[in-house]
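Written below as structure tokens is the structure these notes are about.
The values are calculated or read from the model by the stated rules, or taken from the named source; none is laboratory data. Model, not experiment: these values are computed from the prediction. All Cβ positions, even for glycine, are placed from backbone atoms using ideal geometry, and neighbour counts span all protein chains on display.
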There are 2 protein chains.
Amino acid sequence: MCETCGCDGEDAPRITLDHGRTVTLEQKVLARNDDLAGLNRTWFAERGIVALNVMSSPGSGKTTLLERTVADLGPERPISVIEGDQETLLDARRLTAAGARTVQVNTGAGCHLDAAMVAGALTALAPPDGSTVFIENVGNLVCPALFDLGERARVVLMSVTEGADKPLKYPHMFRGADVLLVNKVDLLPHVDFDIDACTTAARRLCPGLEVLPVSATRGDGLKTWYDWLTDA
Amino acid sequence: MCETCGCDGEDAPRITLDHGRTVTLEQKVLARNDDLAGLNRTWFAERGIVALNVMSSPGSGKTTLLERTVADLGPERPISVIEGDQETLLDARRLTAAGARTVQVNTGAGCHLDAAMVAGALTALAPPDGSTVFIENVGNLVCPALFDLGERARVVLMSVTEGADKPLKYPHMFRGADVLLVNKVDLLPHVDFDIDACTTAARRLCPGLEVLPVSATRGDGLKTWYDWLTDA
């Protein structure tokens, strides 16, 4: 049996790509990004700021989770948000309304936030010392995985509507996760989703990964998520 | 009122990025891709093959829609599938089991299919003259929008669990769509989703866009989808 996907054999032709020059270019871009991410990490550490890189597909519930988190924890601790989207101020407005200090980064055709964008946003955001900064990345389960932003930890979300096979099909994102929130568990009665299979798949890529089932709309599991945040 | 996102004003700081050198590099890559896509388009036309580029976020239901389509229409017309995923043969196995001739393209760290990958896959696939070829792109609502594959039309899916604001937040994908399938309408009673607002948002980017509400699991709207396919 194939260890990667659990299939019984190669029953369809497969083409695995060798990127060649693309990879070389990409490595230069990533090396420069890693340098800037290191500067961000030092900047956060010097101020006692906990920065968390929040990533998922579009529509997995990142913004709803952060709205709820800001509303519930904001009175106890200052929370700021860097909002990444291709276009619109919609999410920044939601987080501002929930009580967070917020900066929107619109990437245009861009598919991810990088360390330079975060550095620029921090200048505008000016988060207070000892605070929490959520960096809500562009909704994309692929590209953001490659770009270190200088965060303390990577928070990956997926929703139960997306299917339990997603960790195996998009391994880069799950391999680097510090915690996986499986959101929208309120929809479990209505969809075909095996949370144990999903957890097993994610932990095959990232042994020991903490997996938290939550519903950002109904509130399930948020206490555990807030405990995780306190320890982050 | 802002015409882009319908907001009332700039109530949060916004950083809009000027990509500079990145854009220049990207333009070279895209120009080369466009040349190859033109060759694919000629190849399809010479054989009377209808090629459709199917795109969405991960978990919107592309594979389930194609499984159902192959099972329902396969007896009447030959259907082949080029399956794009970062890893695994899972989707190719599902489509093969449904009755389609299938080739899996694994992109590794790559975030989209490009015209060269499709050309390579076609050699292995050898679709018959006069047939239909679905190209199921990597699950990503961002990057695949930029890469012409030589397709006849672009089929964009989103699911009702993802939120009606997605067209405005990821405009490139919706701007180039030929049809938008709003999937998982069986979940409408359980989620907060305004299909009229979603349609309005999508048509603001792509005037006259055909929007088809469907449920690939329950079967709602598939007759309309099959009619669309017949006319494609």
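In this structure, does A:THR161 turn out to be surrounded by 24 or more Cβ atoms within 10 Å (Cβ to Cβ), over 20 Å from A:ASN183 (Cα atoms), hydroxyl-bearing (Ser, Thr, Tyr) and within 8 Å of chain B (Cβ to nearest Cβ)? So A:THR161 does not fit the description; no.
For the range B:186-232, which residues satisfy the criterion of being of a type in the set (Asp, Glu), farther than 19 Å from B:LYS62 by Cβ and not in a helix (DSSP H, G or I)?
B:ASP192, B:ASP194
Taking the stated definitions as given, is B:ALA164 part of a loop (DSSP other than H, G, I, E, B) and small (Gly, Ala, Ser)? The answer is yes for B:ALA164. Scanning the range A:194-210 for residues that are touching a strand residue (DSSP E or B) at 6+ places or on another chain (Cβ under 9 Å) and buried (at least 19 other Cβ atoms within 10 Å of the Cβ), we see that the one that is nearest to the other protein chains (Cβ to nearest Cβ) is A:CYS198. Among the residues of the range A:131-149, some residue qualifies, meaning at least one is under 11 Å from the mean Cα position of the chain (by Cα) and among the charged types (D, E, K, R). Taken as a whole, the condition of being within 24 Å of A:SER215 (Cβ to Cβ) and in contact with a Cys (Cβ under 6 Å, 6 or more places away or on another chain) does not apply to A:ALA98.
Checking each residue in the range B:62-90 for being within 10 Å of chain A (Cβ to nearest Cβ), modelled with pLDDT of 95 or more and either surrounded by fewer than 24 Cβ atoms within 10 Å (Cβ to Cβ) or part of a helix (DSSP H, G or I) (or both) picks out B:THR63, B:THR64.
Within the range A:139-160, the set of residues being in contact with a strand residue (DSSP E or B) (Cβ under 7 Å, 6 or more places away or on another chain) and under 20 Å from B:GLY163 (Cβ atoms) comprises A:PRO144, A:VAL155, A:VAL156, A:LEU157, A:MET158, A:SER159, A:VAL160.
Under the condition of being part of a strand (DSSP E or B) and at the interface with chain A (Cβ under 10 Å from one of its Cβ atoms), the residues counted in the range B:112-139 number 0. Within the range A:91-111, at least one residue is within 9 Å of chain B (Cβ to nearest Cβ) and acidic (Asp, Glu). Considering the range B:171-193 alone, what residues qualify as being within 10 Å of chain A (Cβ to nearest Cβ) and among the β-branched types (Val, Ile, Thr)? Once the filter is applied, which keeps residues that are within 10 Å of chain A (Cβ to nearest Cβ) and among the β-branched types (Val, Ile, Thr), the range B:171-193 yields only B:VAL191. Kindly establish whether A:ARG154 is more than 12 Å from chain B (Cβ to nearest Cβ), modelled with pLDDT of 95 or more and in a strand (DSSP E or B). Against the criterion (more than 12 Å from chain B (Cβ to nearest Cβ), modelled with pLDDT of 95 or more and in a strand (DSSP E or B)), A:ARG154 qualifies. Evaluated against (1) among the hydrophobic types (A, V, I, L, M, F, W, C); (2) part of a strand (DSSP E or B); (3) at pLDDT 95 or above, B:ILE15 falls short on exactly one condition, (3).
Residue pairs whose Cβ atoms lie under 6 Å apart, sitting 6 or more positions apart in sequence or on different chains, and linking a residue in the range B:91-114 that is in contact (Cβ under 8 Å) with a residue 40 or more places away in the chain to a partner that is in a loop (DSSP other than H, G, I, E, B) and of a type in the set (Phe, Trp, Tyr), are B:ASP114/B:PHE147.
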